[in-house]
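J.: My structure is below; once you've seen it, I'll send some questions.
The values are calculated or read from the model by the stated rules, or taken from the named source; none is laboratory data. Quick caveat, the model's predicted, so the values are computed rather than measured. With ideal geometry, Cβ positions are generated from the backbone for all residues, glycine too; neighbour counts draw on all protein chains shown. Ligands, DNA and RNA are stripped out before the accessible areas are found, and what is left, the full protein with its side chains, is counted by its heavy atoms. Shrake-Rupley method; radii C 1.70, N 1.55, O 1.52, S 1.80 Å.
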Amino acid sequence: MRDGGVHFLNARGPEGMRIYAMGDVHGRADLLKLMHERIEAEIARDRPADWRIIHLGDYVDRGTDSKAVLDFLVAAHRRDERIISLAGNHDVGFLEFLDKPDPATLFARFGGAETARSYGVTLDCGHPAALRESHSALMDAVDDSHVAFLRARPFSVAMGDFFFCHAGIRPEVALDKQAAEDLIWIRADFLDYRALHPKIIVHGHTPFAEPEILPNRVNVDTLAYRSGVLTALVVDGAEKRMLSVRA
């Protein structure tokens with residue numbers, strides 16, 4: 001795969017389709033709604049022949065309103081099949097905690113308390129009895145549609161010269177052979193790889209103050225929950241640009 005990969009400058013989206021691929025939301029329902037308003041305004045103005053909105057995962061944790069994020073996305077998916085939402089490690093971690101409460105999990109240690117609070121539940125992992133009680137309360141509070149939505153998320157999608165996933169890929173492994181664990185968790189082995197991939201990898205997961213645009217990948221995670229900036233890559237044929245919204 002070191003030979004014949006796609007360089008960002010030469011990459012093209014599918015003919016006649018505009019793509020919006022946005023980074024990690026992490027409970028920032030305000031920014032998610034604002035981004036969709038901006039996108040809808042552009043689509044109404046420009047009238048592309050076809051379009052897709054791709055969310056790159058991590059809808060929950062850390063930010064203040066994960067419940068509202070999932071409410072919004074569930075409704076959006078019911079409304080239009082051109083909206084695609086991929087799985088992120090925090091989304092999978094939320095499901096794992098609901099299935100089996102454990103104080104050592106990603107959810108319990110990294111932002112799950114904020115997610116629970118958005119459902120009106122105080123997460124207490126201090127001792128087993130408190131953990132069982134708060135887990136039970138959370139199970140009662142989380143809407144079944146939210147769980148079904150998260151369980152149904154795919155781990156990747158490819159369009160034109162672009163491959164979209166949450167974290168990245170295992171270099172030199174075929175795109176259709178990627179492990180789900182890598183697609184939602186990988187960092188150094190992917191981020192440090194400088195050769196071209198078969199397609200341009202568009203991802204989030206590793207936050208930066210500004211979007212990263214490299215020859216082989218694009219990172220659109222701008223730490224929305226803390227920075228107040230949510231970023232999307234826009235691909236329209238050979239045209240590529242960034243779209244950001246701020247709180």
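J.: So, residue 154, is that one at pLDDT below 95 and open to solvent by 30 Å² or more (accessible area, probe 1.4 Å) or not?
T.: Details: at pLDDT below 95: no; open to solvent by 30 Å² or more (accessible area, probe 1.4 Å): yes.
Spelling it out, it is not the case that residue 154 is at pLDDT below 95 and open to solvent by 30 Å² or more (accessible area, probe 1.4 Å).
J.: Okay, next question. Those residues that are in a loop (DSSP other than H, G, I, E, B) and under 22 Å from residue 22 (Cα atoms), I need them from the stretch 81-112; list them, please.
T.: Our first condition is that a residue be in a loop (DSSP other than H, G, I, E, B); within the stretch 81-112, this holds for 81-82, 86-88, 100-105, 110-111.
Across the stretch 81-112, the qualifying residues are 81, 82, 86, 87, 88, 110, 111.
J.: Name the pairs whose Cβ atoms lie under 7 Å apart, with the first residue in the stretch 73-101 and free of Cβ contacts under 8 Å to residues at least 12 places away in the same chain, the second surrounded by fewer than 17 Cβ atoms within 10 Å (Cβ to Cβ) and part of a loop (DSSP other than H, G, I, E, B), and 6 or more positions between them or separate chains?
T.: Qualifying pairs under 7 Å: 96/105.
J.: So, one more: Out of 141, 224, 130, I need the residue that is over 26 Å from residue 4 (Cβ atoms) and at pLDDT below 95. Which one?
T.: 130
J.: Conditions first: (1) outside any helix (DSSP H, G or I); (2) open to solvent by 40 Å² or more (accessible area, probe 1.4 Å); (3) of a type in the set (Phe, Trp, Tyr). Residue 163 passes all but one, so which condition is the exception?
T.: (2)
J.: If residue 5 satisfies every condition in (1) closer than 19 Å to residue 151 by Cα; (2) touching a Pro at 6+ places or on another chain (Cβ under 9 Å); (3) assigned to a loop (DSSP other than H, G, I, E, B); (4) open to solvent by 10 Å² or more (accessible area, probe 1.4 Å) but one, which is the exception?
T.: (1)
J.: Separate question: Here are some conditions: (1) of a type in the set (D, E, K, R); (2) open to solvent by 40 Å² or more (accessible area, probe 1.4 Å); (3) over 18 Å from residue 65 (Cα atoms). Residue 114 meets all but one. Which one does it not meet?
T.: Of the numbered conditions (1) of a type in the set (D, E, K, R); (2) open to solvent by 40 Å² or more (accessible area, probe 1.4 Å); (3) over 18 Å from residue 65 (Cα atoms), the odd one out for residue 114 is (3).
J.: Specify the residue that is least open to solvent (accessible area, probe 1.4 Å); the eligible residues are those in the stretch 214-247 that are within 19 Å of residue 11 (Cα to Cα) and out of contact with any strand residue (DSSP E or B) (no Cβ under 8 Å at 6 or more places or on another chain).
T.: Narrowing the stretch 214-247 to residues within 19 Å of residue 11 (Cα to Cα): 214-220, 232-243.
Cutting the leftovers down to out of contact with any strand residue (DSSP E or B) (no Cβ under 8 Å at 6 or more places or on another chain) gives us 214-215, 237-239.
Details: 214: 50, 215: 59, 237: 12, 238: 51, 239: 94 Å².
This residue is 237.
J.: Please go through the stretch 119-157 and pick out each residue that is closer than 29 Å to residue 21 by Cβ, in contact with a Leu (Cβ under 9 Å, 6 or more places away or on another chain) and part of a helix (DSSP H, G or I).
T.: If the condition is that a residue be closer than 29 Å to residue 21 by Cβ, in contact with a Leu (Cβ under 9 Å, 6 or more places away or on another chain) and part of a helix (DSSP H, G or I), then 145, 146, 147, 149, 150, 151 are the ones that fit.
J.: Answer with yes or no whether residue 34 is touching a His at 6+ places or on another chain (Cβ under 6 Å) and not in a loop (DSSP other than H, G, I, E, B).
T.: Taking the combined requirement at face value, the residue does not satisfy it.
J.: Here is a check on your reading of the model: is residue 33 free of Cβ contacts under 8 Å to residues at least 40 places away in the same chain, closer than 30 Å to residue 142 by Cα, open to solvent by 10 Å² or more (accessible area, probe 1.4 Å) and not hydroxyl-bearing (Ser, Thr, Tyr)?
T.: yes
J.: Could you please find all residues in the stretch 189-242 being of a type outside the set (A, V, I, L, M, F, W, C) and part of a strand (DSSP E or B)?
T.: Scanning the stretch 189-242 gives 203, 212, 217, 219, 231, 236, 239, 240, 241.
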